[in-house]
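The values are calculated or read from the model by the stated rules, or taken from the named source; none is laboratory data. Since this is a predicted model, take the numbers as computed values, not measurements. All Cβ positions, even for glycine, are placed from backbone atoms using ideal geometry, and neighbour counts span all protein chains on display.
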Amino acid sequence: MWLRTKCDLSFEISVPTPFILMLRLRSGLQQWVASEKYRLEPNVPMFEFTDTYGNLCQRLVAPPGHFSIYTSADVRTDDFVDEAPGAPFVEVEYLPDAVLSYLLPSRFCESDRFGQMATDITAGYLMGYDQVKAIETWVRDNISYLPGTSDVPVSAIEINTRGSGVCRDLAHLGIALCRSLSIPARLVVGYLHDLQPMDLHAWFEAYVGGRWYTFDPTQSHIRGGYVVIGYGRDAADVAINNQFGPPVYPIYQNIQVQRIEEKDI
């Protein structure tokens, strides 16, 4: 399917403020970016780099006053998300080097604290994809998905204790449970067509059967329409905007994902 994504952000800046943004899509396994627009008001110098995880990041210094960022992209994404029941667990010694960092505990995914819990959740399931599916189902059934209830990332331990959270929080718990079983897992931030309520979205991927697969405990079933902005170990790696100095928060945010026809690109 063809989708048009849009993310507009506005800020009131009190002093010159350095930003690192992560708002550009990149083409990948299940998406192709056909065109994009990126506009700043006022128009200030911006420099792009690729971070450790391959994400496209933009550096700039926002001047005092009203500052806005307007982005849009036309992207082709798969109508269906790949699923692979029975895909095997990959022994750690056979994992690609680039995947190894996704086995380790991270700031918001304390995987060294969930070993027994993950073992109990996945008891009786085939090692690999089926274990991750059991984790996804457990998180969906036991942690309430409450959009808009938190602006600050919290850890897997906190979410497990609280019993509720936003999409990012449920993904953190799923990641921690996977890693505790030596299954690499990473956070994904992006868009989802027909997400209710519409906002930026977060889910997780697990590495089994020799590749990454998508899992999303916030949705009743996995479906097409996911668009990736960035990957990371957890939310600390994939913030769409980081600023440095006095705290600055968006005074306006507009997120849209529309299905379009190829002829409209």
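Name the single residue, out of those in the range 210-226 being among the hydroxyl-bearing types (S, T, Y) and outside any loop (DSSP other than H, G, I, E, B), that is surrounded by the most Cβ atoms within 10 Å (Cβ to Cβ). Per the criteria, the residue is Y226.
What about S68, is it among the small types (G, A, S) and exposed (fewer than 15 other Cβ atoms within 10 Å of the Cβ)? Outline the logic, then answer.
Details: among the small types (G, A, S): yes; exposed (fewer than 15 other Cβ atoms within 10 Å of the Cβ): no.
In short, no.
Can you say whether E110 is assigned by TED's automatic domain parsing to the domain that holds S155 and farther than 27 Å from E261 by Cα, as far as the supplied structure shows?
For E110, the condition - assigned by TED's automatic domain parsing to the domain that holds S155 and farther than 27 Å from E261 by Cα - is met.
Residue count for the range 45-57 satisfying the condition of being farther than 18 Å from C7 by Cβ and not charged (D, E, K, R): 7.
Of all residues in the range 1-56, how many are hydrophobic (A, V, I, L, M, F, W, C), out of contact with any Cys (no Cβ under 8 Å at 6 or more places or on another chain), within 24 Å of A236 (Cβ to Cβ) and assigned to a strand (DSSP E or B)? Qualifying residue count, the range 1-56: 8.
Taken over the range 71-106, the criterion of being buried (at least 18 other Cβ atoms within 10 Å of the Cβ), within 18 Å of G210 (Cα to Cα) and not hydrophobic (A, V, I, L, M, F, W, C) is satisfied by Y102 alone.
In the set (1) in a strand (DSSP E or B); (2) within 15 Å of K133 (Cβ to Cβ); (3) in contact with a helix residue (DSSP H, G or I) (Cβ under 8 Å, 6 or more places away or on another chain); (4) not charged (D, E, K, R), L187 fails one condition alone, (2).
Between G128, G174, G163, the distinction of being in the same structural domain as Q219 (by TED's automatic domain parsing), within 15 Å of the chain's Cα centre (by Cα) and modelled with pLDDT of 95 or more belongs to G174 only.
Scanning the range 143-176 for residues that are part of a strand (DSSP E or B) and buried (at least 24 other Cβ atoms within 10 Å of the Cβ) yields one hit, G165. Counting just the residues of the range 57-114 that are part of a helix (DSSP H, G or I) and among the small types (G, A, S), which one comes out farthest from P153 (Cα to Cα)? So, considering only residues that are part of a helix (DSSP H, G or I) and among the small types (G, A, S), the one farthest from P153 (Cα to Cα) is A98.
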